[in-house]
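Take a look at the structure set out below.
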Amino acid sequence: DQAEGIRKVYVAEYKNKVAGFCTLLLKAQNGLWKDKRPEISDLRVFDEFQNKGIGSILLDCVEDDASHYSDEVTLAVGLHAGYGQAQRIYTKRGYIPDGSGVWYKGRPLAPYENCCNDDALLLYMSKKLR
(Lines give C-alpha, C1' and ligand atoms only; values in the text may rest on other atoms or scores of the structure.)
Protein backbone atom coordinates (compact mmCIF):
# COMPACT_ATOMS: atom_id res chain seq x y z
CA ASP A 1 0.00 0.00 0.00
CA GLN A 2 2.84 2.41 0.78
CA ALA A 3 4.63 1.72 -2.49
CA GLU A 4 1.38 2.31 -4.41
CA GLY A 5 0.60 5.58 -2.57
CA ILE A 6 -2.54 4.22 -0.90
CA ARG A 7 -1.39 4.30 2.72
CA LYS A 8 1.34 5.81 4.88
CA VAL A 9 2.58 4.01 7.99
CA TYR A 10 3.90 5.71 11.13
CA VAL A 11 5.77 3.72 13.77
CA ALA A 12 6.47 4.93 17.31
CA GLU A 13 9.50 3.80 19.30
CA TYR A 14 10.00 4.10 23.04
CA LYS A 15 13.40 3.25 24.55
CA ASN A 16 14.45 1.46 21.36
CA LYS A 17 11.32 -0.70 21.21
CA VAL A 18 8.40 -0.48 18.81
CA ALA A 19 5.63 1.01 20.95
CA GLY A 20 2.84 1.43 18.42
CA PHE A 21 1.80 2.47 14.97
CA CYS A 22 -0.82 4.31 12.97
CA THR A 23 -1.67 4.42 9.29
CA LEU A 24 -3.14 7.09 7.05
CA LEU A 25 -5.19 6.12 4.02
CA LEU A 26 -4.77 8.97 1.55
CA LYS A 27 -8.37 8.41 0.46
CA ALA A 28 -10.93 6.89 2.81
CA GLN A 29 -11.99 3.44 1.67
CA ASN A 30 -15.40 3.42 3.41
CA GLY A 31 -17.89 5.74 5.03
CA LEU A 32 -19.37 9.08 4.06
CA TRP A 33 -16.00 10.43 2.91
CA LYS A 34 -14.98 7.43 0.77
CA ASP A 35 -12.48 8.53 -1.91
CA LYS A 36 -12.79 12.18 -0.77
CA ARG A 37 -10.75 12.67 2.41
CA PRO A 38 -7.76 11.03 4.07
CA GLU A 39 -8.64 8.56 6.82
CA ILE A 40 -6.68 7.66 9.94
CA SER A 41 -6.68 3.92 10.36
CA ASP A 42 -5.33 1.39 12.82
CA LEU A 43 -4.02 3.58 15.64
CA ARG A 44 -2.48 1.12 18.07
CA VAL A 45 -0.25 1.64 21.10
CA PHE A 46 0.86 -1.63 22.66
CA ASP A 47 -0.37 -2.22 26.22
CA GLU A 48 2.98 -1.79 27.98
CA PHE A 49 3.45 1.63 26.36
CA GLN A 50 0.01 3.12 26.95
CA ASN A 51 -0.54 6.27 29.03
CA LYS A 52 2.79 7.76 27.96
CA GLY A 53 1.42 10.16 25.32
CA ILE A 54 2.52 7.94 22.44
CA GLY A 55 -0.94 7.84 20.84
CA SER A 56 -1.10 11.64 20.87
CA ILE A 57 2.34 11.94 19.32
CA LEU A 58 1.38 9.50 16.57
CA LEU A 59 -1.82 11.44 15.92
CA ASP A 60 0.12 14.74 15.82
CA CYS A 61 2.34 13.31 13.07
CA VAL A 62 -0.51 11.76 11.11
CA GLU A 63 -2.73 14.86 11.32
CA ASP A 64 0.16 17.09 10.22
CA ASP A 65 0.80 14.85 7.24
CA ALA A 66 -2.93 14.61 6.40
CA SER A 67 -3.11 18.42 6.30
CA HIS A 68 -0.96 18.34 3.15
CA TYR A 69 -3.75 16.43 1.36
CA SER A 70 -6.92 17.93 2.82
CA ASP A 71 -8.29 20.47 5.28
CA GLU A 72 -10.11 17.64 7.08
CA VAL A 73 -9.24 14.11 8.21
CA THR A 74 -11.63 11.27 9.02
CA LEU A 75 -11.56 8.06 11.02
CA ALA A 76 -13.85 5.29 12.17
CA VAL A 77 -13.98 4.06 15.75
CA GLY A 78 -15.61 0.95 17.13
CA LEU A 79 -18.40 1.35 19.64
CA HIS A 80 -17.77 -1.44 22.15
CA ALA A 81 -15.72 -0.94 25.33
CA GLY A 82 -12.59 -2.33 23.70
CA TYR A 83 -12.42 0.95 21.79
CA GLY A 84 -13.04 3.09 24.88
CA GLN A 85 -9.56 4.63 25.00
CA ALA A 86 -9.69 5.41 21.29
CA GLN A 87 -13.13 7.02 21.67
CA ARG A 88 -11.78 9.23 24.45
CA ILE A 89 -8.58 10.34 22.70
CA TYR A 90 -10.41 11.19 19.48
CA THR A 91 -13.05 13.21 21.32
CA LYS A 92 -10.43 15.07 23.36
CA ARG A 93 -8.59 15.93 20.14
CA GLY A 94 -11.67 17.51 18.55
CA TYR A 95 -13.05 14.73 16.36
CA ILE A 96 -16.81 14.89 15.95
CA PRO A 97 -19.27 12.41 14.42
CA ASP A 98 -19.73 13.11 10.72
CA GLY A 99 -23.52 12.88 10.98
CA SER A 100 -23.91 9.72 8.93
CA GLY A 101 -24.97 7.65 11.94
CA VAL A 102 -23.67 4.27 12.96
CA TRP A 103 -22.26 1.95 10.29
CA TYR A 104 -22.27 -1.82 10.34
CA LYS A 105 -20.37 -4.05 7.96
CA GLY A 106 -19.60 -1.23 5.56
CA ARG A 107 -22.99 0.47 5.32
CA PRO A 108 -25.09 2.89 7.37
CA LEU A 109 -27.25 1.06 9.88
CA ALA A 110 -30.95 1.90 9.51
CA PRO A 111 -32.81 3.07 12.62
CA TYR A 112 -33.94 0.14 14.80
CA GLU A 113 -32.09 -2.35 12.61
CA ASN A 114 -30.48 -5.22 14.52
CA CYS A 115 -26.72 -5.57 14.65
CA CYS A 116 -23.99 -7.08 16.78
CA ASN A 117 -21.76 -4.94 18.97
CA ASP A 118 -18.62 -6.30 17.31
CA ASP A 119 -15.65 -4.73 15.54
CA ALA A 120 -17.79 -3.98 12.46
CA LEU A 121 -20.05 -1.52 14.37
CA LEU A 122 -18.46 1.87 13.69
CA LEU A 123 -18.93 5.59 14.14
CA TYR A 124 -17.22 7.79 11.55
CA MET A 125 -15.74 11.03 12.84
CA SER A 126 -13.88 13.92 11.29
CA LYS A 127 -11.71 16.85 12.33
CA LYS A 128 -10.90 20.11 10.61
CA LEU A 129 -7.14 20.50 10.27
CA ARG A 130 -6.99 24.10 9.12
- line: The lysines whose Cα lies under 28 Å from the Cα of LYS27, excluding any fewer than 8 residues away in the same chain, are LYS8, LYS36, LYS92, LYS105, LYS127, LYS128
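Quick one: with all protein chains in place, what share of the accessible area of region 15-130 is carbon or sulfur, to the nearest percent (1.4 Å probe)?
Carbon and sulfur together cover 51 percent of it.
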- line: The helix 54-66 Cα axis meets the longest alpha-carbon principal axis of the chain at an angle in degrees, between 0 and 90 and rounded to 10, of 70
- line: the chain: longest segment with zero exposed GluC sites (Glu not before Pro), where exposed means DSSP loop plus at most 13 other C-beta atoms within 10 Å, is residues 5-112
- line: The long-range amide H neighbours of LYS27, using H built 1.01 Å from N in the peptide plane and a cut-off of under 5 Å, are GLU39
message: Under 37 °C and 0.692 mPa s, how fast does the chain diffuse according to Stokes-Einstein, given a Kirkwood radius computed over C-alpha pairs? Answer in µm²/s, whole number.
response: 215
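At 1.4 Å probe size, with every protein chain present, just tell me what the per residue accessible area of the chain comes to in Å².
The answer is 60 Å² per residue.
The values are calculated or read from the model by the stated rules, or taken from the named source; none is laboratory data. Keep in mind that this is a model prediction, so the values were computed, not measured. Positions of Cβ are generated from backbone atoms using ideal geometry, with glycine treated the same way; all protein chains shown enter the neighbour counts. Surface accessibility is based on the protein's heavy atoms, side chains included, excluding ligands, DNA and RNA. Shrake-Rupley method; radii C 1.70, N 1.55, O 1.52, S 1.80 Å.
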